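The values are calculated or read from the model by the stated rules, or taken from the named source; none is laboratory data. What you see is a predicted model, and the numbers here were worked out from it, not measured in a lab. We place every Cβ from the backbone using ideal geometry, glycine too, and count neighbours over all the protein chains shown. Ligands, DNA and RNA are excluded from the accessible area calculation, which covers all protein heavy atoms including side chains. Shrake-Rupley method; radii C 1.70, N 1.55, O 1.52, S 1.80 Å.
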Amino acid sequence: MSDYLPVLGGKKNELRGGRNVYDGYQRGWGLEFGDLKARVSEDPDYRYAAEIAKARSVLLLERMMNLFLLCKFFLPRLPHGHIVEYGSFRGGSAMFMAALAQRFLPGAQVYALDTFEGMPATDRAIDAHSAGDFANTNMEEIRQAADKLGLNNLHLVKGLFQDTAPTLLPQIGPIALAHIDCDIYSAVKYSYEVSKPHMLPMGYYVFDDATTSSCIGATEAVEAFVIQRDGLLSEQIYPHFVFRHPPA
């Protein structure tokens with residue numbers, strides 16, 4: 001474990017309600033109130049991956065840093081598993097995680113699921129986004145860029161999630177991290193539901209948009225299915241929602 005992660009006196013490093021409060025404070029409190037953000041910004045591994053993602057990702061800086069912390073320090077504690085991203089847009093965060101996985105998660109693959117043609121139909125009663133948003137992307141350009149960088153562990157999967165995930169997920173093996181970055185109620189609900197049977201015990205669900213003001217549909221999906229129905233407690237609410245799959 002890096003000596004730059006905060007050491008938190010008085011917090012037990014153990015599970016409480018299915019979440020590790022100590023881990024959540026290390027990452028969330030460290031980024032928001034400690035000096036972890038400054039330390040991460042100087043980390044050569046972060047700088048390497050961030051350069052790859054530059055101009056491709058619309059993730060907030062702190063959320064990208066949290067993904068970095070998960071990939072470098074926390075996913076290696078789990079048994080072998082893969083990373084699945086739902087909603088990849090121009091491929092920035094997927095390429096970022098693939099670059100880190102090559103360094104810290106031997107054999108782990110990153111699967112980036114997206115229409116690569118913009119959002120599907122949305123529910124205007126709850127979603128602020130509309131069909132066709134985020135259409136300014138090109139899967140072939142992303143593939144060529146990834147190949148040029150040697151990211152042979154990154155796999156782009158084009159289509160609606162419900163058309164691709166049911167075939168893909170049973171074939172790839174266990175998931176260690178589901179990065180759910182798809183903004184709207186139906187897509188967030190589906191991504192969570194389809195991932196659950198394949199998640200490692202204590203694997204990570206990261207919801208990028210459920211705490212964003214323009215994505216109350218994503219918020220409602222997390223509230224209704226992750227929290228209310230399944231009873232999961234968040235390990236982080238800053239810089240984004242992070243939950244753990246139940247232990248075995």
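So what is the relative contact order for the stretch 1-147, in percent, with contacts set as C-alpha pairs under 8 Å and at least six apart?
On the way: 172 pairs, mean separation 25.5, N = 147.
Here the relative contact order equals 17 percent.
Write down the accessible area per residue of the chain in Å², having rolled a 1.4 Å probe over the full set of protein chains. Could you put the intermediate results ahead of the total?
On the way: 10770 Å² over 248 residues.
Accessible surface, normalised per residue, equals 43 Å².
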Quick tally, 1.4 Å probe accessible area for Val21, Val206, sorted with the most first, runs Val21, Val206
All alpha-carbon distances of the stretch 59-129, grouped into 10 Å bins from 0, give the whole-percent distribution 18, 43, 26, 12, 1
Plugging the Cβ-Cβ distance of Lys148 and Glu193 into 1/(1 + (r/R0)^6) at R0 = 35 Å yields, to the nearest 0.05, a FRET efficiency of 0.50
Extension length gain for Ser41 and Arg229 (0.36 nm per residue less Cα distance), in nm, is 63.9 nm
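How much of the DSSP beta bridge set in the chain is antiparallel, as a percent to the nearest 5? Intermediate results must be reported in sequence, preceding the final value.
Values: 7 of 26 bridges.
Counting only bridges with both partners in the chain, antiparallel ones make up about 25 percent.
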Along the stretch 38-43, Karplus-curve 3J(HN,Hα) (6.51, -1.76, 1.60; θ = phi - 60°) to the nearest Hz, with x for Gly and Pro, reads 5, 5, 4, 4, 9, 6
Short to long, in 10 Å steps from zero, the percent of alpha-carbon pairs of the stretch 110-248 per bin is 11, 40, 37, 11, 0
For Tyr4, the net charge from surrounding residues (Cβ-Cβ under 10 Å; K, R +1; D, E -1) works out to -3
Counting only protein heavy atoms with a 1.4 Å probe and every protein chain in place, the carbon and sulfur fraction of the accessible surface of the chain in whole percent equals 53 percent
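Enter the per residue convex hull volume of the stretch 1-151, computed from alpha-carbon coordinates, in Å³ rounded to the nearest integer. Show your work: numbers first, answer last.
Values: hull volume 21.9 nm³, N = 151.
Per-residue hull volume (Cα only) is 145 Å³.
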Once Arg77 and Ala128 are pulled to full extension, the length gained, defined as 0.36 nm per residue separation minus their Cα-Cα distance, is 14.6 nm
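For Arg103 and Ser213, what does the FRET efficiency come to when R0 = 51 Å and r is the distance between their Cβ atoms, rounded to the nearest 0.05? Numbers along the way, then the final one.
Numbers: r = 34 Å, r/R0 = 0.67.
That gives a FRET efficiency of 0.90.
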With bins of 10 Å, the percent of all Cα-Cα pairs of the stretch 7-93 per bin from 0 is 15, 43, 34, 8, 0
Checked the stretch 161-209 with the C-alpha gyration tensor, a ≥ b ≥ c its square-rooted eigenvalues, rounded below a/c of 1.5, otherwise prolate if a/b is larger than b/c and oblate if not; verdict oblate
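Can you show me the helix-derived [θ] at 222 nm for the chain, built from DSSP H runs with n ≥ 4 at -39,500 (n - 2.57) apiece and divided by the number of residues, rounded to the nearest 500.
Numbers: 9 runs with 82 residues, N = 248.
Helices in the chain give a 222 nm mean residue ellipticity of -9500 deg cm²/dmol.
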